[in-house]
Amino acid sequence: VACALSGPDHRVALVDADSHAPSLALATGLADEGPGFAAACRQAERGGLTVAELSRIASTLGDLDVLTGLNRPGRWPELSHARVCAALDACRDWADDTVVDVAGPLERDEEIVSDLFDGPRRNAATLAGLESADVVLAVVAADPVGVSRFVRAWPDLRAATGATPVRVVVNKVRAGALGVDARGQVRRTLERYTGVSDVSFVPWDARGTDAAMLAARPIAHVAPRSAVPTAVRRLVTEALAPRQDTRVARAATRPSLRRMARSA
């Protein structure tokens, strides 16, 4: 998505805010000794997160500026709700679009068992990202387990996003996992149990995705003609670019934040 949004005159930032399984640095061959997003969150808490500081701590991946995620999941307390909100707000002045990868879990169980009102929350980064988002891309794995989990999580996702538009993206679509008419089966299931009828599909391309993983580069860089980046470019054109144009015409000042919430 970040690659599809980027362009010579359009600055795009990619942020790994996954507090459970951060992976962007490993998947794209970037160093993660000093997690960029955690550093941005610390600076934001102190009020020192400027555009220049964001550019300094970010890594470069082609046309993208990347804030890498935690190099150890155990460091998740560094991504508190207030810190994440402040850091993402600063990104609006830094990039034209910011794509944020967040974890799938949305539970707030810690609030029930903890006596500390301001205690750390494992899913605070995800909830902060969703609350701050302009558009949410909810990614569903195209298999019986992934669809079932998404259906169960849908009420929690809608509660977390409020009035923010949510675009459902079904990933890894293939007949082998769902049988004949895989897209039709997923579409009918989502419409029946969640009321979602506007669904985008990204097909499964084992060769292209394996090549991207082997090269530690985005699939759009390694296999630009693969069905995966083609479908994502279509999604960006149909679902994200029109919203961006409308927002610019109405506000003309605030760059946007895109959030990706993966199915658990």
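Can you confirm whether the range 20-29 contains a residue that is surrounded by fewer than 24 Cβ atoms within 10 Å (Cβ to Cβ) and more than 18 Å from the chain's Cα centre (by Cα)? Yes. With a requirement of 3 or more residues that are among the aliphatic types (A, V, I, L, M), the strands (runs of 3 or more DSSP E) lying completely within the range 117-235 that satisfy it span 135-141, 166-173.
The criterion of at least 3 residues that are within 20 Å of A138 (Cβ to Cβ) is met by the following helices (runs of 4 or more DSSP H) wholly inside the range 1-56: 2-5. Only one entry in P73, P77 is modelled with pLDDT of 90 or more, of a type outside the set (S, T, N, Q), open to solvent by 40 Å² or more (accessible area, probe 1.4 Å) and out of contact with any helix residue (DSSP H, G or I) (no Cβ under 6 Å at 6 or more places or on another chain), namely P77. A single entry from D97, D9, D101, D16 fulfils the requirement of being of a type in the set (D, E) and open to solvent by 20 Å² or more (accessible area, probe 1.4 Å): D9. Scanning the range 15-43 for residues that are out of contact with any Gly (no Cβ under 8 Å at 6 or more places or on another chain), touching a residue at least 40 places away in the same chain (Cβ under 8 Å) and closer than 18 Å to M213 by Cα gives A21, L26, A27, T28, G29.
For the range 18-53, a residue qualifies if it is polar (S, T, N, Q) and either out of contact with any Asp or Glu (no Cβ under 7 Å at 6 or more places or on another chain) or closer than 16 Å to G74 by Cβ (or both), and the qualifying residues are S19, S23, T28, T50. The set of residues in the range 134-161 being of a type in the set (K, R) and either without any contact (Cβ under 8 Å) to a residue 40 or more places away in the chain or buried (at least 20 other Cβ atoms within 10 Å of the Cβ) (or both) consists of R152, R158.
The residues in the range 44-54 that are open to solvent by less than 50 Å² (accessible area, probe 1.4 Å) and under 21 Å from V12 (Cβ atoms) can be counted, and the count is 4. Go through the residues of the range 104-125 one by one and say whether even a single one is among the small types (G, A, S), touching a residue at least 60 places away in the same chain (Cβ under 8 Å), open to solvent by less than 20 Å² (accessible area, probe 1.4 Å) and in contact with a helix residue (DSSP H, G or I) (Cβ under 7 Å, 6 or more places away or on another chain). Looking through the range 104-125, at least one residue is among the small types (G, A, S), touching a residue at least 60 places away in the same chain (Cβ under 8 Å), open to solvent by less than 20 Å² (accessible area, probe 1.4 Å) and in contact with a helix residue (DSSP H, G or I) (Cβ under 7 Å, 6 or more places away or on another chain). The set of residues in the range 162-200 that are among the aliphatic types (A, V, I, L, M) and either surrounded by fewer than 19 Cβ atoms within 10 Å (Cβ to Cβ) or more than 13 Å from D143 (Cβ to Cβ) (or both) comprises A163, V166, V168, V169, A175, A177, L178, V180, L190, V196, V199.
The values are calculated or read from the model by the stated rules, or taken from the named source; none is laboratory data. The shown structure was predicted, so the numbers you read here are calculated from the model rather than taken from an experiment. Reconstructed Cβ throughout: ideal geometry from the backbone, glycine too, with neighbour counts over all protein chains shown. Remember, those area values only see protein heavy atoms, side chains included, never the ligands or the DNA or RNA. Shrake-Rupley method; radii C 1.70, N 1.55, O 1.52, S 1.80 Å.
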